[in-house]
Amino acid sequence: GDDLHKVLKEFEASLPIGVEVGQISDQPEIVKHSITEFVEALGEALLIVLIVSFISIGWRAGFVVAATIPLVLAATFAVMYAMGIDLQRISLGALIIALGLLVDDAMIAVEMMERKLEEGSPKLEAAGFAYTSTSFPMLTGTLITAAGFIPVGFAASTAGEYVSSMFWVVGLSLILSWIAAVYFTPWLGSMLLKERKYAGGGHHDIYDTRFYRGLWNVIGWAVRHRIIVLILTFAAFGAAIYGMKYVPKSFFPASTRLEILVDLWLPEGTSIKETEAQAKSVEQRVLADPDQTLAATFVGEGAPRFYLPLDQQLRNPNFAQLLIVAKDILARDRLMEKIRGWLAADYPAIRFKVDRLFNGPPVGWPVQMRVSGPDREQVRQIADKVHEAYRTDPRISSIHDDWLEPVPTLRLVVDQDRARALGVSSQRIRQTLQAAMSGFPVGTFREGEQTIAVVLREKSEARSLLSAVESTYVATDTGANVPISQVAKVVTELESGIEWRRNRLSSITVRGVIPPGIEPNDVTLQMVQTLAPLKEALPIGYLIEPQGGVEESATSQNSIAAKAPLMILIMMVLLMIQLQHFGKAMLVFMTAPLGMIGAVAALLLTNSAFGFVAILGVIALAGIIMRNSIILIDQIDQDHAAGHSPWEATVGSAVRRFRPIMLTAAAAVLALVPISWSAFWGPMAYAMMGGITAATVLTLICLPAAYALFFRVKIPAPGERGMPKAVPAHANAAIEPEPLAEIPIEAIAGVVPMRRPLLVSTPDGDALRNAAE
């Protein structure tokens with residue numbers, strides 16, 4: 001862009017006086033703006049993650065996590081460069097999404113070290129324990145999270161191609177973050193974290209606090225009432241699925257660029273001079289408005305493809321397009337409203353569409369229904385009924401179809417009886433008229449490197465069908481010449497100026513526009529329901545199908561669904577390798593849909609549309625949720641191996657994994673805040689934020705309940721329901737107990753007056769508790 005500006009200045013100096021060069025679009029400037037926005041959002045997300053780390057696990061541990069971030073980002077950029085992945089809208093957003101996830105492994109490792117240090121373990125032992133106890137479960141969780149993006153990376157559709165780099169960027173950053181977490185983080189933590197010394201050199205129980213005892217009681221209640229908890233969870237999931245019908249639907253969100261496209265269609269058959277005059281009139285009104293900075297008009301065709309998702313138009317003499325650049329976003333919206341008002345009030349003969357640019361594949365008009373079938377007349381009649389259905393919806397305006405208005409045409413009708421009597425064939429009439437009107441090449445002329453054809457034809461005033469029929473003679477078989485008017489005549493007819501075919505069938509698309517603030521997909525889906533009776537009554541071979549955003553969205557979703565079996569297969573294989581138990585793998589897999597509960601609630605609260613971008617967020621939730629579930633199930637297994645009872649292992653594992661799970665969830669959610677204000681990434685950010693929040697809470701409560709139900713964990717006796725006095729930090733810790741030191745009894749005990757104890761004995765446990773109370 002900078003080089004081009006230099007050349008342009010030199011070129012402008014050589015132009016004649018009065019000739020100016022104006023720049024319509026500046027893509028380098030837009031790229032700079034996008035990069036600046038990304039850097040700001042990345043900085044905000046980084047700051048949020050650091051604050052979460054410093055507040056939750058202390059400044060030393062927070063610094064260890066903070067040091068991991070630039071290391072992983074630098075490695076990610078290096079691999080992106082090697083793979084040829086550019087910095088563009090999708091890859092930049094993927095980096096911000098990955099930022100909230102890539103600190104998860106580092107946080108889990110640091111939190112494990114901190115927990116062992118708080119218990120009194122040496123630093124080297126704590127670092128080794130963090131590596132040996134979490135590396136493999138974290139790897140499985142990392143790979144499952146990356147596998148959640150497989151449908152995005154390999155979707156065979158236009159939209160899939162648009163967002164495929166998200167899979168590679170997120171997957172690369174997550175794998176690199178795991179490598180940093182299991183090798184770099186323990187090493188750095190061993191240098192920065194501080195050992196704790198406790199009296200007597202023993203281990204300290206960090207869970208013997210009021211908060212963790214309350215958490216134990218909450219999870220214990222959920223496990224005891226496992227049926228109720230699971231029923232409530234399924235009810236919430238069913239409510240989320242039902243609430244999905246009230247979430248606005250869209251394909252891709254609108255762009256935040258400042259350009260406005262004004263499409264003008266005059267009646268079919270209008271001369272290009274009239275089209276130019278009407279376009280100039282609209283242009284003058286736009287140039288007088290203070291909200292615009294530039295307006296360019298294209299007559300007979302649309303703007304060149306200066307923007308990848310631009311909906312380009314065919315060349316047509318009755319079409320014109322205005323490209324307008326507004327001062328800012330608010331000015332763009334005001335200007336669009338004003339232009340719509342001008343065109344509706346003062347230009348009744350013009351069919352128009354005023355819209356901003358959109359992201360994703362171009363879809364054209366907001367509301368489109370396609371009618372197709374073998375017979376064009378029947379298709380036209382059905383399309384007219386669709387027109388009538390459109391008019392019943394007050395939100396739809398500028399209703400028309402892509403066959404446009406019929407245009408008058410001239411058709412030559414040959415009197416075959418008279419032609420045969422005179423010895424004139426239809427082919428000879430055609431050749432004669434073609435020579436008179438289009439010309440007959442009689443030779444070539446070479447001028448330099450160009451070859452110019454020499455064509456013999458009638459004068460310009462005689463080169464129309466009417467004049468040619470009257471003045472042109474055709475040869476007969478006998479060698480005589482007769483006027484073509486003796487054997488043929490010209491009749492006037494009306495026919496479609498444009499006819500579209502799809503799959504070799506005549507197809508008419510009925511189109512319309514809707515007011516701003518209304519999602520096109522919602523209106524289209526409601527129109528599908530309105531047209532259901534008409535569709536059921538169609539003859540065999542005729543179809544009425546939604547077109548535009550609904551069709552493209554369905555195509556994109558189908559391309560994602562086609563790769564979902566591969567994603568599920570890879571996730572199940574990873575789960576079986578990690579857990580080595582089909583039932584446990586299914587338990588983890590069943591937690592994946594829990595994200596829908598929070599995702600739907602967040603989309604409803606923010607009134608965000610559920611489109612292709614939001615779908616990506618919901619798909620990614622599955623891997624993120626299962627990652628936490630894997631670590632929780634692995635903790636239960638390790639507690640079992642250490643000799644804890646099934647009840648203590650089930651409840652205690654959720655208590656011990658509470659802090660790392662909540663920390664990673666908080667980092668992932670808060671890191672999405674900077675992009676939640678983005679028009680493009682907002683729906684995805686809200687869906688992921690709501691889904692991660694709800695799923696994290698439900699995983700800590702519902703997964704232990706489901707585990708207890710599936711493996712028939714028995715409820716302990718009433719006296720054993722409380723939190724044990726000492727809960728090991730990690731059941732799989734291979735730490736030899738230190739020898740007891742001999743210390744004076746006065747250092748740990750005192751003498752206080754007490755009443756004489758009362759002994760109560762009864763075989764009934766409940767009666768015993770009541771008596772004791």
Out of A561, A532, report the one residue that is modelled with pLDDT of 90 or more and exposed (fewer than 15 other Cβ atoms within 10 Å of the Cβ). A532
If you go through segment 385-426 one residue at a time, how many are open to solvent by 70 Å² or more (accessible area, probe 1.4 Å), under 30 Å from P533 (Cα atoms) and charged (D, E, K, R)? 3
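Conditions (1) closer than 10 Å to V170 by Cα; (2) at pLDDT 80 or above; (3) under 25 Å from the mean Cα position of the chain (by Cα), marked per residue:
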position: A75; (1), (2), (3): no, yes, no
position: V79; (1), (2), (3): no, yes, yes
position: A82; (1), (2), (3): no, yes, no
position: I85; (1), (2), (3): no, yes, yes
position: I90; (1), (2), (3): no, yes, yes
position: A94; (1), (2), (3): yes, yes, yes
position: I97; (1), (2), (3): yes, no, yes
Of the residues V482, V510, only one is closer than 30 Å to N318 by Cα, buried (at least 16 other Cβ atoms within 10 Å of the Cβ) and aliphatic (A, V, I, L, M); which? V510
Of the conditions (1) buried (at least 19 other Cβ atoms within 10 Å of the Cβ); (2) over 28 Å from the mean Cα position of the chain (by Cα), I51 fails just one. Which one is it? (1)
Flagged pairs (Cβ under 8 angstrom, 6 or more apart or on separate chains; first in segment 567-580, farther than 20 Å from L621 by Cβ; second open to solvent by 20 Å² or more (accessible area, probe 1.4 Å) and assigned to a helix (DSSP H, G or I)) are M576/F582; L579/D634; L579/D637
Pull up segment 1-41, narrow it to residues that are of a type in the set (V, I, T), free of Cβ contacts under 8 Å to residues at least 12 places away in the same chain and not in a helix (DSSP H, G or I), then point me to the one that is least open to solvent (accessible area, probe 1.4 Å). V19
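Specify the residue that is nearest to K338 (Cα to Cα); the eligible residues are those in segment 259-288 that are outside any loop (DSSP other than H, G, I, E, B) and among the acidic types (D, E).
The initial filter retains those residues of segment 259-288 that are outside any loop (DSSP other than H, G, I, E, B), namely 259-265, 272-287.
Going one step further and asking which of them are among the acidic types (D, E), we end up with 259, 263, 274, 276, 283.
On the way: E259: 15, D263: 15, E274: 23, E276: 21, E283: 13 Å.
Going through the qualifying residues, I end up with E283.
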Counted residues in segment 616-647 being among the acidic types (D, E) and surrounded by fewer than 24 Cβ atoms within 10 Å (Cβ to Cβ) come to 1
Enumerate the pairs (first residue in segment 683-710 and open to solvent by less than 10 Å² (accessible area, probe 1.4 Å); second residue anywhere and among the aromatic types (F, W, Y) and not in a helix (DSSP H, G or I)) with beta-carbon separation below 9 Å, excluding pairs fewer than 6 apart on the same chain, so at least 6 apart or on different chains. A685/W677; A687/F610
Among (1) open to solvent by 30 Å² or more (accessible area, probe 1.4 Å); (2) under 28 Å from R257 (Cβ atoms), the one test that W59 misses: (2)
Could you say which residue among W168, W187 is outside any loop (DSSP other than H, G, I, E, B), open to solvent by 10 Å² or more (accessible area, probe 1.4 Å) and under 25 Å from Q635 (Cβ atoms)? W187
Answer yes or no: is there a residue in segment 88-110 that is basic (K, R), more than 25 Å from W681 (Cα to Cα), part of a helix (DSSP H, G or I) and touching a residue at least 24 places away in the same chain (Cβ under 8 Å). no
So for segment 244-258 (the condition being assigned to a strand (DSSP E or B), open to solvent by less than 20 Å² (accessible area, probe 1.4 Å) and over 24 Å from P593 (Cβ atoms)), does at least one residue qualify? no
Segment 271-307 - residue that is of a type in the set (S, T, N, Q) and open to solvent by less than 30 Å² (accessible area, probe 1.4 Å) and, of those, nearest to the chain's Cα centre (by Cα): Q292
Restricting attention to segment 485-499, which residues are open to solvent by 50 Å² or more (accessible area, probe 1.4 Å) and part of a loop (DSSP other than H, G, I, E, B)? E499
Among the residues of segment 572-588, count how many are assigned to a helix (DSSP H, G or I) and surrounded by fewer than 18 Cβ atoms within 10 Å (Cβ to Cβ). 7
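So is L46 surrounded by 15 or more Cβ atoms within 10 Å (Cβ to Cβ) and either more than 22 Å from M688 (Cα to Cα) or out of contact with any Asp or Glu (no Cβ under 9 Å at 6 or more places or on another chain) (or both) or not?
Yes.
When you scan segment 436-452, do you find a residue that is under 60 Å from the mean Cα position of the chain (by Cα), among the small types (G, A, S) and surrounded by 13 or more Cβ atoms within 10 Å (Cβ to Cβ), even just one?
Yes: segment 436-452 contains one or more residues that are under 60 Å from the mean Cα position of the chain (by Cα), among the small types (G, A, S) and surrounded by 13 or more Cβ atoms within 10 Å (Cβ to Cβ).
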Might you check whether a residue that is touching a Gly at 6+ places or on another chain (Cβ under 6 Å) and assigned to a loop (DSSP other than H, G, I, E, B) occurs anywhere in segment 127-146? no
F63 - would you say it is modelled with pLDDT under 80, more than 29 Å from V613 (Cβ to Cβ) and not in a loop (DSSP other than H, G, I, E, B)? no
Being surrounded by fewer than 23 Cβ atoms within 10 Å (Cβ to Cβ) and either under 29 Å from the mean Cα position of the chain (by Cα) or under 22 Å from G93 (Cβ atoms) (or both) narrows it down to one of G141, G148, G160, so name that one. G160
Taking the condition more than 28 Å from V31 (Cα to Cα), charged (D, E, K, R) and surrounded by fewer than 16 Cβ atoms within 10 Å (Cβ to Cβ), does D346 pass? yes
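The values are calculated or read from the model by the stated rules, or taken from the named source; none is laboratory data. Just so you know, these numbers come straight off a predicted model, no measurement behind them. Cβ atoms come from the backbone with ideal geometry, glycine included; neighbour counts cover every protein chain shown. Remember, those area values only see protein heavy atoms, side chains included, never the ligands or the DNA or RNA. Shrake-Rupley method; radii C 1.70, N 1.55, O 1.52, S 1.80 Å.
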